[in-house]
Amino acid sequence: REIGCIIRSLGCFPNEAEVQELLAKIEVEEPGGFVHLEKFLPVMTEVLLERRFRPIPEDVILHAFEALDENKCGYITKEDLVKHLTEE
């Protein structure tokens, strides 16, 4: 269930349908959904070498942070970020 987070931490940003496609290739057989590293590595190596999932463009990330910067001061305080991530 955390495979999407792991893939995204490697700089790849697939949507949920693409994550499910990767899981099908990895052949998750374990009860509880555990993935064996020896099955994960070849699939992820192929994904990374093919650059299948492009990173989110910087301007999109900047626009997201600008939307959170309500005071237009050029930064987001920890408190504001926590508020947005937990309440909004």
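General observations
- For region 1-48, filtering for residues that are under 23 Å from ILE61 (Cβ atoms) and polar (S, T, N, Q) leaves 2.
- Of all residues making up region 63-85, the number that are in a helix (DSSP H, G or I) and either among the aromatic types (Phe, Trp, Tyr) or open to solvent by less than 100 Å² (accessible area, probe 1.4 Å) (or both): 10
- Inclusion of GLU27 among residues that are at pLDDT below 85 and either open to solvent by 60 Å² or more (accessible area, probe 1.4 Å) or among the acidic types (Asp, Glu) (or both) is warranted.
- Of all the criteria given as (1) outside any loop (DSSP other than H, G, I, E, B); (2) under 18 Å from ILE7 (Cβ atoms), the one not satisfied by VAL35 is (1).
- Leading residue by the ranking (nearest to VAL19 (Cα to Cα)) among those in region 49-62 that are of a type outside the set (Phe, Trp, Tyr) and surrounded by 11 or more Cβ atoms within 10 Å (Cβ to Cβ): ARG52
- Considering region 1-21, and only residues there that are assigned to a loop (DSSP other than H, G, I, E, B) and of a type outside the set (Phe, Trp, Tyr), the residue that is surrounded by the most Cβ atoms within 10 Å (Cβ to Cβ) turns out to be CYS12.
- Listed by first and then second residue, the pairs linking a residue in region 46-72 that is closer than 18 Å to GLY4 by Cβ to a residue that is basic (Lys, Arg), with Cβ atoms under 9 Å apart and 6 or more places separating them unless they lie on different chains, are GLU46/LYS25; GLU46/ARG52; PHE53/ARG8.
- Of the criteria (1) at pLDDT below 85; (2) surrounded by 11 or more Cβ atoms within 10 Å (Cβ to Cβ); (3) not hydrophobic (A, V, I, L, M, F, W, C), which one GLU46 fails: (1)
The values are calculated or read from the model by the stated rules, or taken from the named source; none is laboratory data. Since this is a predicted model, take the numbers as computed values, not measurements. Ideal geometry is used to build each Cβ from the backbone, glycine not excepted, and the neighbour counts take in all protein chains shown. To get the accessible areas, we keep the full protein, side chains included, count just its heavy atoms, and leave off ligands, DNA and RNA. Shrake-Rupley method; radii C 1.70, N 1.55, O 1.52, S 1.80 Å.
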